[in-house]
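Here's the structure, in structure tokens; my notes come after.
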Amino acid sequence: MGVAVGALFVLVERRRGEEAMAPPSIFASRQFTAVNLVTLCVYAAFGGFFFLAALQLQVVSGYSALGAGTALLPTTVLMLLLSARSGELGERIGPRIPLTVGPLLCAAGMLLMLRVGEDASYVLDVLPALLVLGLGMTTLVAPLTATVLASVAVARAGLASGINNAAARAAGLLAVAALPLLAGMGPEAYKSAAEFGETFRRAMPMCAAVLVAGAVLAWTLVRSPEPAEEARCHPECKVHCGVTSPPLDPGARGETAPPPAPEARGEA
């Protein structure tokens, strides 16, 4: 049913042309399409990871719900502290390398989480994995968002940001729904530490493989544009620390030019 509705949505949008909610012409930008494909891969992996990692810490390692959530905070802290530097680096060297290296670091962090079991030490087992993952996310997120906004005309920045954000959220939701099924996780797994641990060990390589696919897409399809003012990392990209989706661009409202000065409107 979901596939059928999605296909119908595409047909309706194509028929409406430039009046569509998501005009198909926006995907004529190869850079925009490529970065959204990378977004689908990385945020699907993030959605699946954070859903299962929190449960792994609770069901297998014996953390409380609050303790498991707090244990995952290093990724957010790293993004908050280092996103500005990542954005500046992306401005200097272009998005291709950060969008390739970032997913690979994230994949390494997720594979390190395979060490987390019943007797896992937070300092020796959990924290190193989260630090590597956080560094990968920091490398990736700011250049990804800046590249999405720079790949379309200024008047379409808000639309591009919304599409990218929607792609990220949809990818995360699909991963949460599909990953347990693909890993063979049944309802009884949530009550058994041994069974949940087994399925977690099957799921993490899947998340890592999706991230590697995103890195390959970035290296193959993403190109560094010529330096330009609109290609610079927007301020909200540099302070973004969410892990479920990229930031929306609050300043883009579709204007192609600034509003006229008061004198031009006949005001005193």
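The values are calculated or read from the model by the stated rules, or taken from the named source; none is laboratory data. What you see is a predicted model; the values in this text were computed from it and never measured. Don't worry about glycine lacking a Cβ; one is built from the backbone with ideal geometry, like all the others, and counts go over all protein chains shown. Each accessible area value is taken on the protein alone, full model and side chains, heavy atoms only, with ligands, DNA and RNA left out. Shrake-Rupley method; radii C 1.70, N 1.55, O 1.52, S 1.80 Å.
Protection proxy ranking of 157-165, 173-181, by the mean of other Cβ atoms within 10 Å over each peptide's residues and highest first, is 157-165, 173-181. Against the empirical curve 2.2 N^0.38 Å, the C-alpha radius of gyration of the stretch 95-139 lands at a ratio of 1.24.
For the stretch 1-96, what class follows from the C-alpha gyration tensor (a ≥ b ≥ c being the square roots of its eigenvalues): rounded when a/c is under 1.5, otherwise prolate if a/b is larger than b/c, else oblate? Here the stretch 1-96 falls in the oblate category. With θ taken as phi - 60° and the Karplus curve 6.51 cos²θ - 1.76 cosθ + 1.60 applied, the whole-hertz 3J(HN,Hα) list for the stretch 60-66 is 9, 8, x, 6, 6, 4, 5 Hz, x standing for glycine and proline. The stretch between Val216 and Ala193, if pulled fully straight at 0.36 nm per residue, gains 4.8 nm over its current Cα-Cα span. Taking each residue as 0.36 nm, the span from Ala7 to Leu174 lengthens on full extension beyond its C-alpha to C-alpha distance by 58.4 nm. Whole-Hz Karplus values for the stretch 177-194 come out as 6, 8, 4, x, 5, 5, 7, x, 8, x, x, 6, 5, 6, 9, 10, 4, 5 Hz, taken residue by residue from phi with 6.51 cos²θ - 1.76 cosθ + 1.60 and θ = phi - 60°; glycine and proline positions read x. Peptides 81-88, 27-34 ordered by packing proxy, namely the average of other Cβ atoms within 10 Å per residue, highest first: 81-88, 27-34. Sorted largest first, the principal axis extents computed over the alpha-carbon atoms of the stretch 133-190 equal 51, 26, 13 Å. Extending 7 Å from the Cα toward the beta-carbon at both Leu182 and Arg14 defines two label points whose distance is 2.7 nm.
With protein chains left intact and a 1.4 Å probe, residues in the stretch 56-120 average 47 Å² of accessible area per residue.
Carbon-plus-sulfur fraction of the accessible area of the stretch 83-193, 1.4 Å probe, in percent? The computed percentage sits at 68.
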